[in-house]
Structure formats: structure tokens, C-alpha cells
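The values are calculated or read from the model by the stated rules, or taken from the named source; none is laboratory data. Keep in mind it's a predicted model, so treat the numbers as computed, not measured. FYI the Cβ positions are ideal-geometry reconstructions off the backbone, even for glycines, and counts take in every protein chain you see.
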Amino acid sequence: MLLSILCATPGALHYIIEEEQKMKELANLFMVFFRIGAFTFGGGYAMLPMLQREVVEKYHWATEDELMDYFAIGQCTPGIIAINTATFVGYKNRGVIGAIAATLGMITPSIIIITLIAAFLTNFADLAVVKHAFNGIRACVCVLIFNAVTKLAKKSVVDNICLGICIAVLLLSLFTPLSPALIVVLAGAAGVLFKRTGIAGGAKK
């Protein structure tokens, strides 16, 4: 009996260590997305700089190309783009349970903050200090988004075809009533078409 226990102990310890490591990774996923959800104002695109720093540069949970793919898919799928992106990142790293951990981390700060505001303050948005604070936050968010977009554009716009699609998307978003989801689908279709016809391959900058 004792011999059996001793023989099984290394395997049991290995299993315990593996499970503990998995729990740490899940907790880390939750906390990282909790911070992103708690300290980013302005919606999904405003979260892009922090997502880029935490997900791509710090933890290497995704590459910049993968992050942009997640944003594009998140734009086309139902739900909030930031939550969709968190779900994709979590699923890539720890499967379904990772997706749940990352998603819960992203939405928990909003639930807490909204609950506190609803419980303790009335006419929150009409408070002068809140208006002034959000004016400064919006200006900051614009700069952070621009900085993130310029970094990603250097890797995403790799040839003249990509540049043309980028300009076309900008014009469509500015001067037409087309939804962002439809524009993303059209841009993807254009990329596939140019690739299959061989135009993209011969249009390097």
C-alpha cells in the first residue's frame, strides 16, 4: 500500500503543479482584462493601445496581426468589440475556460462601476466635475488611438493594394451610411479577390 502511494506521488505532484499553473494563467487572464476594462474609457477602439501593450508586447498572448484579426472579427460579430476581442484572446490561450475568464475580467469593472453610480449618485453625467474629467479623457483617448493605429498600420499596410483598401475604407466610413461590419466584410472580400487574381503579389511598395 505504502509502495503504491509512493509510486503514485510523482504523478500526483505533477498533476497538482500543472493544475496550479493553469489556475495562475486563468487568474492572470482575468486580472489583465480586468485592468483593461477598469482603466480604459471610450469603448473598444480606445482599448486598442492598452490591448496592444498588454496582450501583444507584455504577455505575447497574440501577435499584432492576430489582434487586428480579432478586432475585425469582433466588429462583424454580435456584441461589444472589446468583449469579443477579450473572448478570442482567452480562447486562443486557454480554450473555453480561458475565454470565460477573459470575458468576465473585461465586463466586471463596468458592472461594479455602473452599480455604484446607480446606487449612490443621481444625475451623474450632469455633474460639472464629471463633464470636465471626461473632456480631458476623450482628448487623451484620441491621441492613444491614433498612436496605436499608426503602429499597426506599419505592419498592416504592406503594399499598394492594402493602401488602396485602407483609403477606400476611410472614404466609405466618412461619406457613406454603410455599417462598419459591412465595410469590414467588403474589405476582406477585396483582399481575397486581389490575392486570387495575383494583383496583390505584384503590387509591393
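Points to keep in mind about this one:
- Test: residue in region 81-92 that is surrounded by fewer than 15 Cβ atoms within 10 Å (Cβ to Cβ) and assigned by TED's automatic domain parsing to the domain that holds Phe34: no
- Counted as qualifying within region 41-150 are the helices (runs of 4 or more DSSP H) with 2 or more residues that are farther than 30 Å from Ala187 by Cβ and modelled with pLDDT under 80, namely 81-120.
- Residues located in region 89-131, provided they are touching a residue at least 24 places away in the same chain (Cβ under 8 Å) and among the charged types (D, E, K, R): Lys92, Arg94
- Any pair with Cβ under 9 angstrom, 6 or more apart, that starts in region 184-196 at a residue that is free of Cβ contacts under 8 Å to residues at least 12 places away in the same chain and ends at one that is part of a helix (DSSP H, G or I): Lys195/Ile161; Lys195/Gly201
This table checks each residue for (1) among the hydrophobic types (A, V, I, L, M, F, W, C); (2) modelled with pLDDT of 85 or more; (3) assigned by TED's automatic domain parsing to the domain that holds Glu64; (4) surrounded by 14 or more Cβ atoms within 10 Å (Cβ to Cβ).
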{"site": "Leu163", "(1), (2), (3), (4)": "yes, yes, no, yes"}
{"site": "Ser173", "(1), (2), (3), (4)": "no, yes, no, no"}
{"site": "Thr176", "(1), (2), (3), (4)": "no, yes, no, no"}
{"site": "Phe194", "(1), (2), (3), (4)": "yes, no, no, yes"}
{"site": "Thr197", "(1), (2), (3), (4)": "no, no, no, no"}
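- Only listed residue being crowded, with 19+ Cβ neighbours inside 10 Å, over 10 Å from the mean Cα position of the chain (by Cα) and touching a residue at least 24 places away in the same chain (Cβ under 8 Å), chosen from Phe134, Phe30, Phe71: Phe30
- Within region 151-183, the set of residues being part of a loop (DSSP other than H, G, I, E, B) and either within 20 Å of Met50 (Cβ to Cβ) or among the β-branched types (Val, Ile, Thr) (or both) comprises Val157, Val158, Thr176.
- Yes/no for Lys151 being surrounded by 13 or more Cβ atoms within 10 Å (Cβ to Cβ), among the charged types (D, E, K, R) and out of contact with any Phe, Trp or Tyr (no Cβ under 9 Å at 6 or more places or on another chain): yes
- Filtering region 137-156 to residues that are free of Cβ contacts under 8 Å to residues at least 60 places away in the same chain and within 20 Å of the chain's Cα centre (by Cα) leaves Cys140, Cys142, Val143, Phe146, Thr150, Ala153, Lys154.
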